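A short write-up of the structure that comes next.
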C-alpha cells in the first residue's frame with residue numbers, strides 16, 4: 001500500500017503544472033542607507049507581481065557600471081543594470097548590447113505619461129531601451145542648521161561672495177566648512193555646480209555640452225576655474241576617497257557646514273530621522289536665477305535571447321513604472 005501511495009504521489013507531482021517565477025538579477029550601486037530603502041521598494045514591487053529579485057549591489061556608480069559591462073561582454077549578463085543616459089548608454093545601443101522594451105512602453109503609454117526630457121533621454125532611434133526610475137537635480141546645497149546658527153550665519157547664501165563669507169564663518173567656528181568626498185565624480189559634480197552658478201546657462205552649455213574651445217579659453221571660464229580652486233582650503237584633510245554618503249554624514253552629525261550634492265542626499269537625512277527646516281536646510285543654487293540641472297538614473301536590459309530572462313525583463317519594467325511609483 002505504501003508503495004502504491006508513494007508511486008501515486010510521484011505521478012501526481014510529475015503531472016501537476018509548475019508555475020515558474022521569473023528570476024531577475026539586478027545590478028546597481030544604490031548601497032547607502034537611503035538608496036537601500038529605495039531599491040527595496042523596487043524589489044518588493046517586482047516580487048509582488050510574482051517575480052524573484054536577485055540583488056547584485058556594487059558600491060560606486062563607476063564600479064557597478066564596469067561590472068555590468070564586464071558581465072555583458074563576458075556573455076553572462078545580468079537581467080537588468082543601473083546606468084545613466086550618457087554617451088556609454090548610446091554606445092551600448094549602437095553595439096546591440098541592449099534589448100529594447102518597446103512593447104512595455106507602448107502598452108503603458110509612456111509617450112503620454114513621461115515628461116519630454118525623460119522621453120528624449122531614454123528613446124533612441126524610435127526605440128525605448130531604458131526604464132527611468134528617478135529624476136535628480138545634482139547641485140543642491142545641504143547645510144547643518146546647528147552649524148549655521150553657531151557660526152553666526154543667519155541666512156542662506158545667495159551670491160558667491162556670501163557663500164565664501166559663510167565658509168569663513170564656519171571655519172572660524174571650528175566646523176568643516178565644505179564637506180566634499182574626494183572622488184572624481186563628486187569633484188566633477190562640484191565643478192559643474194560652480195560652473196552653473198558662476199558662469200550661467202550659456203557658458204555651462206558651451207563648456208560641458210559643446211566642449212567649445214573658445215569658451216574654455218575665455219575669461220569667464222577662467223573665473224569659474226578660479227572660484228572652484230578657491231574652495232579647496234575649505235575642504236578637510238579626510239576628503240580623498242571618501243564616499244558621498246559618508247560625507248553627507250558629516251553634515252547630518254553637525255561636523256560640517258555645507259555639502260553640495262544631489263537631491264538623493266535627502267534619503268540619508270531621512271534615514272537619520274533628521275527634520276528639514278529644523279535639523280538641516282537645503283537650497284538649489286545661489287539666488288533665484290540659478291540654473292536647475294536635471295539628470296537621473298535608468299535601468300537597462302542587456303541583450304539576451306533567453307525567453308525566461310526576456311519575460312523577467314518585461315516584468316521588471318512594468319513593476320518599476322507601475323502606477324504605484326508615479
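Annotation: of all residues in the stretch 135-173 being outside any helix (DSSP H, G or I) and more than 27 Å from the chain's Cα centre (by Cα), the one that is surrounded by the most Cβ atoms within 10 Å (Cβ to Cβ) is 153.
Filter the stretch 93-110 down to the residues that are touching a helix residue (DSSP H, G or I) at 6+ places or on another chain (Cβ under 9 Å) and closer than 13 Å to residue 321 by Cβ and list them by number. Listed by number, the residues that qualify are 101, 104, 105, 107, 108, 110. Being exposed (fewer than 15 other Cβ atoms within 10 Å of the Cβ) and over 21 Å from the mean Cα position of the chain (by Cα) holds for only one residue in 237, 256, and it is 237. The helices (runs of 4 or more DSSP H) found entirely in the stretch 204-270 that carry 3 or more residues being closer than 30 Å to residue 151 by Cα and touching a residue at least 40 places away in the same chain (Cβ under 8 Å) are 244-252. The conditions of being in the same structural domain as residue 56 (by TED's automatic domain parsing), surrounded by 14 or more Cβ atoms within 10 Å (Cβ to Cβ) and either assigned to a strand (DSSP E or B) or within 21 Å of the chain's Cα centre (by Cα) (or both) are not met by residue 192.
Cβ-Cβ contacts under 9 Å between residues 6 or more apart (or on different chains), taken from a first residue in the stretch 43-61 that is free of Cβ contacts under 8 Å to residues at least 24 places away in the same chain to a second residue that is surrounded by fewer than 19 Cβ atoms within 10 Å (Cβ to Cβ) and not in a loop (DSSP other than H, G, I, E, B), are listed as 43/55. Here residue 287 fulfils each of the conditions (1) more than 24 Å from residue 84 (Cβ to Cβ); (2) at pLDDT 95 or above apart from (2).
The values are calculated or read from the model by the stated rules, or taken from the named source; none is laboratory data. Values in this document were obtained by computation on a predicted structure and should not be read as measured data. Neighbour counts run over all protein chains shown; Cβ positions are idealised from the backbone, glycine included.
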